[in-house]
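Nothing in this text is a laboratory measurement; each read-out follows from the coordinates by a stated rule. This structure is a prediction, so every number in the text was calculated from the model and none was measured. Note that we place each Cβ from the backbone using ideal geometry, even for glycine, and neighbour counts take in every protein chain shown.
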């Protein structure tokens, strides 16, 4: 049996891990969707092929994250999703559309393929933006003010840019030839927008949230936290220098932008988590107030301790199987 | 203007009805695929690989629709039914959690290898991946049916301040109706997939496809259906007896029995009248209901009068039940007719093929009808004796729910048209492909993402 307070922390950590993995993993495949060119047929097939074996498992992290919120913090789940009812509906419908478009574009009558490509692209974009919007509203404590809506729209663009960036980095790693050259150009552009977005959110967030401000600029915290934005900034600068030289001979360093982007995601996530912990609904509900019964949480935790490492190992196996440059996607 | 409660109910029914259509195919279809794959490994006969390749694409498409329509479910509990999790979240949460942890990741993780990895892993690992996907889909239904059955026949919990707390997890999972509902659902999936395979294979044969694969899959599907259909009738009967024991008001609604009676007739048709608490135009077999339910011609069956104000609406339960049973017997009859004809004449006559094509999606109708019987039959409860549906509903504005409902309805209509159209397009395309050559065994055939182009 685990202690109730510890359980709440363990579960919020597990949920945070799922959200982070979701943002990185589904982030790159949503990004590839946003980048899908509607004209160059050949490239669009290769791009889709690069995410084909993974997108389904990537999306499962969202189901786990939402599932953990529902299971471990049911009060927070209903509070958050009642506030975000319509953006959630937009998110779900976009995810449905892009998920099925992935299959329909390959299987439906050939004349319908351009339509499903469009659905895939728009669905990916709307799903990313609605996630950004929901994140913005969450950060703003679900206020119905002009400031909150503006911030959420900014956040919507920021998240879409971040996903596009990591999607472009994924393509640099997984493709070759003219598509790789194209992906480098995409990464440069979206990386810049993403950088401006992160900067804007980091400046605006403490200004409009006094609690966040206090937390970041108290003396011991400030020194401890300073490395976060510094490393983040450093990684962006480093990535830009690397991107300038890509694609390099023998494809050296094609994995660097993706790794850097994932690390940036991780740092931003830690920063965000730090701004609000232990609140699960900002300024309203802490993880301890919202947690389920300890006997239920213990029951899942035992399972999670056994199962999560297994999930990691077969996910790693799947990535190893499809390691290297993407080949034509074929059912065998 | 409809209120939030009724809109939420329609939305949930819409979402879950759409969702179940795809798992009910993929649960059993994955085992069919494993069978095709294993037979290929055993015999090295390319026809098995041909069957596998065709059906794995339909599997992938159905699976994708199942996954994406399932994601909406995990959000809806919170958005539309907040009191559900607040009251029984301590029970429902872990069961849903185990479904995600043990089943979803397993399916999704190995699906990529199963679909796209045959040339990247050894044949053994590929077969194993196919098995893991099949096992994962079945495990997923295990957890979700454990939760659903617990909502019908809750056990192993105690109420503290209006909130359910787990006491005995084994009693919660293996609650009284679970073994019956789980078996009933798995066989329903087997029948749905069998009739889908038989129907599409029949379509190909009717279109003049003279290859071995559709004939082989048709034969296998008919054989499985011929075995499963009578088994399902038996399991359904046991399930009904279990329901009589735990939810007698549901059985009273299914049988249209308004007043407790001895020697109750089995109604083949009637028009239940909730106002007058009686049936019109009854056609029934005397004493049969009593015989089936109590194994005594004069056995007493409790009527709806014993559950005044606490029983489900009769009309939808009564008719759904008849649609399910009627279809079940039709499937039994068609499967046996087809299988016997195949056995005697080695091929099916055009009218049997046409009947099978007509019944391609009969499993869907029967499955939905069956779920309507059991779910509407639980009303007015969401969790029997613990939480009523109306107490669980959200308080968000009805216009928001109305908006999302309309969006879902449009979306699902479009997707359903696209799905059906695509399946028949794929079947039509398969008709035109040349019969496989021998070197296909050693040299993998390119069926690219742009199938049909090559």
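Structural remarks
- If R0 equals 41 Å, the separation of the Cβ atoms of residue A:223 and residue A:86 corresponds to a calculated FRET efficiency of about 0.50.
- Folded to 0 to 90 degrees: helix A:4-35 orientation relative to chain A principal axis, Cα: 20 degrees
- The protein assembly as shown: calculated mean residue ellipticity at 222 nm from DSSP helix runs of at least 4, using -39500 (n - 2.57): -25500 deg cm²/dmol
- Cα centroids of the range A:211-275 and the range A:147-163: 19 Å apart.
- Folded to 0 to 90 degrees: helix B:23-43 orientation relative to chain B principal axis, Cα: 30 degrees
- Helix B:362-376 axis, angle to chain B major axis (alpha carbon atoms, nearest 10°): 20 degrees
- An ellipsoid equivalent to the range A:4-321, defined through the eigenvalues of its Cα gyration tensor, has semi-axes of 32, 24, 20 Å when rounded to whole angstrom and sorted largest first.
- Cα gyration tensor shape of the range B:291-354, rounded if a/c is under 1.5, else prolate or oblate by comparing a/b with b/c: oblate
- Cα gyration tensor, the range B:73-112 - rounded (a/c under 1.5), prolate or oblate: oblate
- A quarter of the convex hull surface defined by the alpha-carbon atoms of the range B:33-106 gives 6.2 nm² as the mean projection.
- Distance from the Cα centroid of the range B:142-170 to that of the range B:1-48 is 26 Å (rounded to whole angstrom).
- For the range B:359-385 and the range B:228-305, distance of Cα centres in Å: 17 Å
- Peptide A:295-301, shielding by other chains (average Cβ, 10 Å cutoff): 6
- Note on B:4-16: average number of Cβ atoms from other chains within 10 Å of each residue's Cβ is 0.
- Gyration tensor verdict on the protein assembly as shown (Cα atoms; rounded if a/c is under 1.5, prolate if a/b is larger than b/c, oblate otherwise): oblate
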